[in-house]
Amino acid sequence: MEKINFYLIFANLLDYPDEKKLSLFERFENIVGLHYTGEIPPLENLEIEYTKLFVNAHPYLPAPPFASVYLNSENLYDEIESFYQSVGYGIETREFPPDYLIYELVFLSNLFNDENYKAERKFLISHFLPWFEKFVKKVKENDETGFYSFICEKINIFLNNRLKELKDGETNLQKRVF
Amino acid sequence: MGKPISRREFFKRSLLGAGAIGVTDYSYVFKKFPPGKAGREDVELIPSICEMCFWKCGIIGKVKNGRLLKIEGNPRNPHNGEKICARGNSGIMQLYDPDRLKYPLLNVGKRGEPKWKRISWKEALNRIAERMLEYKKKYGARSIANLSHGSSSIPMRKLLKNFGTDRIAHASFDQCRGNRDVAFELTFGMGAGSPERVDLINAKAILLIGSHIGENVHTSLVKEFIEAVEGRKAKLVTVDPRFSMIAGKSDYWLPIKPGTDTALILTLINYIIQHNLYDREFVNNYTYGFDKLKEEVKNYTPEWAEKITEIKKEIIIEIAELFGRSKPAVTIFPGRQSTWYGNDTQRVRALAILASILGAVGRRGGYFFPTKIKLKGCPCPNKIEGEDFLCDTSEYPFMETTTECIREATLNDEVKMWIVYGSNIIHNTPNPQKTIKAINKLDFMVVVDIKPTEPSLYADIVLPEATYLERYDIPFMVADSRTPFIQIRRPVVQPLYESKDPFYIVSELSKRLGLKDCFPCETMEDYLNLALSSIGTNLRKLEKEGGVYRYEGKPFLDDFGGNYRFPTPTGKIELYSTKLSLNDKDPIPKYEPVEDPPKGWARLSYGRSPVHTFSRTENNKWLHALNPENDLWINEEAAKSMGLKDGEYVRLKNQDGVVSDPVKLKVTPGIRPDMVHTYHGFGSQSPFLRLAYKKGMFENALITKIVLDPIMGGMAKRINFVKIIKDGKEIDFPVIKQKPSGFKKKPEKEIKIKLTAPLPVGGHEEEEGGC
Ligand code: SF4
């Protein structure tokens, strides 16, 4: 099976579910080193839960997957895009605003592939983790299936560890593809 | 919800679906460049049209790398030029509002408390088309109704007429300016225009009745107003029971008793006739029924009017003389939202008659004429089954299908499905409780919108529409202008998420409905190119030229060599309406009293916030920061005697026992003691709108009583009465007797301001209907 980096696996699992994307769940468990002990809901239930958590929901949308919801900055879009551009990436599709969770994970996966660990670390520290932690909290409070809470929480722990590794200068994690 | 599946089963299934390499690699999201050189360096300037309200100002979107950075006015636009208002500037925050609708949604939960599942467009449109065909077969096409607002809903309305239903109502008719336009049609054979066709810049005197221009911000109109009043010193008379922003700029402020405006206007007409202040030559040449008018209004004297309107007779006389002196350069502003007290078409008729006897029609300083040209179109013919359905026209002869007709027909089980298009029917239609009752009777409801507003809570399927910054619309001909022009709305950026433009929605739907002759054009670009070919241009050329095509107008009588036939049955301005007479309605307006608030109650009035558009913008981050909630204007003396203080929160209770959310008091001498006033559109009931939810008071919930205009069936709303509730206790309004009044500005030292070139105001196609 093709090797892909963990950021891309996270992006697939946090995007709107379909069978293809969910096929990565086992690899996800290998990354985080833990088996999901809860019940795995049928796809339709995951679709409904996903819509409720991240798309539109009643009585309110608990966890919009956009950084600007959690951070207070008037120029956030500019700041993010400048960061993308400073390391040689321009957004090609405008389907979502530049602060969309999946875009940010894809960006991190690009940095990882480029072995640009300095930028990866900087993006995690100065932008991604501060909002992602708040986002995870919201998911955990509202997810009725437990499935997305599991994924989000494990990603959060994993990325915090990843940050430590990057800080320690241990940067040979390119081996870590799954 | 389905049963959980076993772990083995889960992986078996997902791997089956996945194939060997099942991941999305998202390689399309980013493009690689040398560091720091990503994307285009330049900023593209893209001309389009604003839709933060329905005034259609020309804009330029400044776009870098596909992202909208700033919106500015389009200097090529003859109306707004470089200027746009706060809302126009804040369009960016509508585009990038995280609460937007993003995908088609299917409600798998309850109405009012939806549980949504994202579905594909294909599935959504299939489901909608299936229902439409099923209901048409079982109950006929008229079992499907449409409630809509704004130009993007036009293609859907056309499609539905082609499908065979005429149960189509737009809020701008029955809840806003329908009675005004019917009154103008009856008098002049044409509506009042939107923007209104008023030659303010050349006016020597202006009359505003209940129009709060400046709080109701329409950029080009406000611009021209300022120039007319501040620059050219036109005398401004404002009739309003509230000291509105524009009342503060007026030469005369008449705090009229609510409901008595027609008495004042008829008195002005009578005085002007009796004192030979009217334009005799114009009246002879261009009007019909002057003698009957003279006879009909003869008892409306200033002495009589003083008692009715509580405006001093001396002031009434002074104003009548001012208008007589200034004729024909008098702008009698037609007003906009006009559904007030129940007999509103006649009030606006009286305004039209006043303008006509002053000769202020087709003359500089008064009303001007529209200039239309013919554009080719991508057709979608009407195919309405059987006779036209028009509610109960015997009672309301000039009624179009109204929201009320549709509500009633739904409660009577004649309608099974609603398509609500861009219209917040919970906020804009009085008695929302009744609307919800009707919705609960429906078999199926579809909502097309850009945001999850209240109606979407009740929908079975919600479709996310592209915002005005992401789509084309049908061509906008600004025919009601002294300098008429055609402008095009085009996408400034690509649509976000899976939002789609109206043309995609209706053309996909028409394929599924088997409607072959509806919109045969392939794309919206084809449609627009076809239309523009009639004037020898195309989209690309027009865009290069700044997005505006001008053509010559014929706005004044002079342009017709003084020989003009009005499109009425008599060919003249009908002071005496032949159509009304045929339909057993008063051919000349009469004053009819409206119900006063009972002792202890005050009338509830509403208006617009300068930085919001109805209930459409309260969730916009920038506009929310400027004006997060509405407050309640209450008279100082009344508040004192009721023990109420400025800034404190109270609730309102209406005559039918409906209690509002808390609202902040604004205690002021600038309002009569027999009424309270608030801004419309706040207090969203949709928890999806995180900024707007429950901010301020949802005033429409208090408007449970309505009276239908006897001529066109519009819904009068300013006939509801309220009391205050503080700390759970009801407080009566005191009876404060009003002496006749009327205020005149003291002469002030001259302030020198620099004039810019006069800027015209013009109009748009009626059908594009916003309020
Ligand atoms: S008046 Fe303001 S909101 Fe309305 S179209 Fe013009 S700029 Fe846009």
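Just a few scattered comments:
- Shape box of the range A:6-167 [Cα atoms, principal axes, largest first, Å]: 42, 35, 26
- Pairs exceeding 32 Å between alpha-carbon atoms, taken from B:Lys292/B:Lys705; B:Lys223/B:Lys645; B:Lys307/B:Lys327; B:Lys62/B:Lys204: B:Lys292/B:Lys705; B:Lys223/B:Lys645; B:Lys62/B:Lys204.
- In degrees, nearest ten, helix B:524-533 long axis to first principal axis of chain B (Cα): 50
- Average silhouette area of the range B:201-278, convex hull of alpha-carbon atoms, in square nanometres: 5.5
- To the nearest ten degrees, helix B:154-163 and the longest principal axis of the Cα atoms of chain B are 80 degrees apart.
- Legend: P(r) of the range B:602-740 from all alpha carbon pair distances, 5 Å bins from 0, whole percents, reading 2, 10, 19, 22, 19, 14, 9, 4, 1, 0.
- In chain B, the calculated helix contribution to ellipticity at 222 nm averages -7500 deg cm²/dmol per residue, counting -39,500 (n - 2.57) for every DSSP H run with n ≥ 4.
- Annotation: the protein assembly as shown has a Kirkwood hydrodynamic radius of 30.2 angstrom, from the mean reciprocal C-alpha pair distance.
- Cross-link pairs B:Lys441/B:Lys726; B:Lys590/B:Lys640; A:Lys134/B:Lys451 - those with Cα-Cα distance over 31 Å: B:Lys441/B:Lys726; B:Lys590/B:Lys640
- With N the number of residues in the range A:94-145, Rg(Cα) / (2.2 N^0.38 Å) evaluates to 1.30.
- Scaled against 2.2 N^0.38 Å for its residue count N, the alpha carbon radius of gyration of the range A:1-73 is 1.26.
- P(r) weight above 16 Å for the range B:413-544, C-alpha pairs, percent: 71
- Against the main long axis of the alpha-carbon atoms of chain B, helix B:502-513 sits at an angle near 60°.
- Descending principal axes extents, the range B:85-134, alpha-carbon based, whole Å: 46, 24, 17
- Cα coordinate range in the range B:126-232, projected on the principal axes (Å, largest first): 63, 30, 20
- Of the complete DSSP H runs in chain A, those spanning 18 angstrom or more by Cα along the long axis with a mean Kyte-Doolittle score not below 0.5 are A:101-114.
- When the GluC sites (Glu not before Pro) in the range A:1-55 are filtered for DSSP coil states and for at most 11 other beta-carbon atoms within 10 Å of their beta-carbon, the remaining sites are A:Glu2.
- Charge dipole of the range B:561-634 (Cα centre as origin; +1 on each Lys and Arg Cβ, -1 on each Asp and Glu Cβ, all else neutral): 320 debye, rounded to the nearest 20.
- Sorting B:651-657, B:324-330, A:31-37 by average packing, meaning the other beta carbons within 10 Å per residue, from highest down gives B:324-330, B:651-657, A:31-37.
- Rg followed by Dmax, in Å, when the range B:182-357 is reduced to its Cα trace: 15.1, 41
- Residue-wise HN-Hα coupling along the range B:213-226, computed from phi with Karplus coefficients 6.51, -1.76, 1.60 (Hz; x: Gly, Pro): 4, x, 8, 8, 8, 10, 3, 5, 5, 5, 4, 5, 4, 4
- Under the Karplus curve 6.51 cos²θ - 1.76 cosθ + 1.60, θ = phi - 60°, whole-Hz ³J(HN,Hα) for the range B:648-657, x wherever Gly or Pro sits: 7, 9, 9, 10, 10, 10, 9, 4, 9, x
- Our summary gives chain B a relative contact order of 21 percent, counting only alpha carbon pairs under 8 angstrom and 6 or more residues apart.
- Residue range of chain A that is longest and free of trypsin sites (Lys or Arg not before Pro) which are both DSSP loop and sparsely packed (at most 14 other C-beta within 10 Å): A:4-175
- Equivalent ellipsoid dimensions for chain B as semi-axes, Å, which come from the Cα gyration tensor, largest first: 44, 31, 27
- Positive-end extreme of charge dipole, the range B:122-224 - chosen from B:Gly191, B:Asn179, B:Ala145 (charges on Cβ): B:Ala145
- Within the range B:54-121, the proportion of Cα pairs with more than 18 Å between them is 56 percent.
- Kirkwood analysis of the Cα pair distances in the range B:546-670 returns a hydrodynamic radius of 20.7 Å.
- 5 angstrom amide H check on B:Ser684, placed H, neighbours 5+ away: B:Lys694, B:Lys695
- For the range B:314-372, the Kirkwood hydrodynamic radius from C-alpha pairs, put into Stokes-Einstein at 4 °C and a viscosity of 1.567 mPa s, yields a diffusion coefficient of 104 µm² per second.
- Interchain or long-range residues, amide H under 5 Å from B:Tyr679's placed H: B:Gly607, B:Asp631
- Remark on the range B:101-162: hydrodynamic radius 13.5 angstrom, per the Kirkwood mean of 1/r across alpha carbon pairs.
- Hz values of 3J(HN,Hα) by residue in the range A:90-100 - Karplus curve (6.51, -1.76, 1.60), Gly and Pro given as x: x, 6, 9, 10, 10, 5, 10, x, x, 9, 6
Laboratory data are not the source of any read-out in this text; all were calculated from the coordinates shown. Given the structure is predicted, the values throughout are model-derived calculations rather than measurements. Because the Cβ atoms are built from the backbone with ideal geometry, glycine has one as well, and the counts that use them run over all protein chains shown.
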